[in-house]
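Reading through the structure tokens given below for one structure.
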Amino acid sequence: MNSTAQDRDGTRSGDFSATMLQPLWDHILEYEALLSSPFFPVLFSLSVYLLFCLPFVILDLLSPRVALIRSYKTQPNSIVSWGTMKRCLALTLYNHLVYIFPVTLLYWYCQPVFLPAEAPGLSSLIGGVISCLLLFDFQYFVWHMLHHKVPWLYRAFHKAHHTHTATSALTTQFSGAWEAFSLGFFSSINPFLLNCHPLTQMAFYVLNIWLSVEDHCGYDLPWATHRIVPWGLYGGAPHHDLHHLKFKSNYAPYFTHWDRLIGTLHSHDD
């Protein structure tokens with residue numbers, strides 16, 4: 001998490017919206033030594049990811065015995081086995097330790113962490129998170145479509161993620177090193193490109209991880225994001241689960257506008 005000026009991301013000393021977030025940021029700064037550590041990015045992303053996966057893992061364990069839970073599954077006949085969970089978790093840990101951590105360490109060495117004393121404005125934080133999310137959605141849409149349209153890219157880099165035609169939370173990060181590195185690069189570079197405050201960056205990471213887990217969770221729950229966002233602008237778990245079933249549709253991770261524009265947007269009713 002990097003910053004170049006104490007008033008970046010729209011922060012000003014007299015900004016009321018910044019004052020709203022200042023107590024939170026002051027509390028976070030109490031752990032500055034941890035935040036500045038090269039271990040923090042990997043520990044943070046992995047911990048948040050596993051925490052978000054946990055409720056869906058519990059649902060997966062209960063679903064074979066509870067009909068109500070199965071009724072919300074995007075593929076009601078699919079069962080997530082212990083073996084599948086262990087394989088997914090093992091690959092996630094392997095990618096983080098062998099690939100992501102060394103890259104994070106190199107970045108930390110080249111670009112030391114700077115944490116400003118002032119919090120960002122609330123409007124700047126919200127605007128920054130939305131901008132990062134929209135940019136990530138576009139980047140992944142292009143990356144994803146290319147890896148399906150070009151056969152050797154699919155076979156070499158993306159096929160591992162499609163091992164599972166029925167999604168579940170722990171399949172979110174079931175991917176090869178190149179895919180894990182690519183998506184990690186997109187999510188890390190966007191706050192830098194958009195000159196975001198470290199708190200904005202953290203908020204984006206948390207939201208991005210949640211949405212990616214929810215996309216793969218395999219459940220169409222009443223409170224899911226795609227049911228909250230109006231006019232079909234957000235695809236959610238049914239949108240991405242259909243991609244794993246049919247492969248050649250629904251390439252965008254979250255929103256639907258790029259697939260609609262290109263003509264690759266499909267639903268279960270099609």
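Rule-based calculations on the coordinates, nothing more; no lab input. Please read all numbers here as calculations on a predicted model, not as lab measurements. Positions of Cβ are generated from backbone atoms using ideal geometry, with glycine treated the same way; all protein chains shown enter the neighbour counts.
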Checklist entry - Taking Cα atoms, how many degrees apart are the long axis of helix 40-62 and the longest axis of the chain, rounded to 10 and kept between 0 and 90? => result 30
Checklist entry - Measuring from centroid to centroid over Cα atoms, what is the spacing of the range 169-186 and the range 37-65 in Å? => result 15
Next on the checklist: Test of understanding: what is the full-extension gain from Lys159 to Ile262, defined as 0.36 nm times their sequence separation minus their Cα-Cα distance?
Outcome noted: 34.8 nm
Checklist entry - Long-range amide H contacts for Tyr219: which residues qualify at under 5 Å (H placed 1.01 Å from N, peptide plane, sequence gap of 5 or more or a different chain)? => result Thr74
Next on the checklist: Under 22 Å between alpha carbons: how many lysine pairs meet that in the chain, if sequence neighbours fewer than 8 apart on the same chain are excluded?
Outcome noted: 9
Item to check | Residue-wise HN-Hα coupling along the range 148-153, computed from phi with Karplus coefficients 6.51, -1.76, 1.60 (Hz; x: Gly, Pro) | outcome: 9, 7, 9, x, 5, 5
Checklist entry - What is the helix-to-structure angle for 177-193, meaning the angle in degrees between its Cα long axis and the longest Cα principal axis of the chain, kept from 0 to 90 and rounded to the nearest 10? => result 40
Item to check | Against the rule of thumb 2.2 N^0.38 Å, how large the Cα Rg of the chain comes out | outcome: 1.04
Checklist entry - What's the extension gain from Val103 to Lys248 if we count 0.36 nm per residue and subtract their Cα-Cα distance? => result 49.0 nm
Item to check | Between helix 236-246 and the chain: long-axis angle, C-alpha atoms, 0 to 90°, nearest 10 | outcome: 50
Item to check | Inter-site label distance for Leu54 and Trp82 at 7 Å from Cα along Cβ, in nm | outcome: 2.1
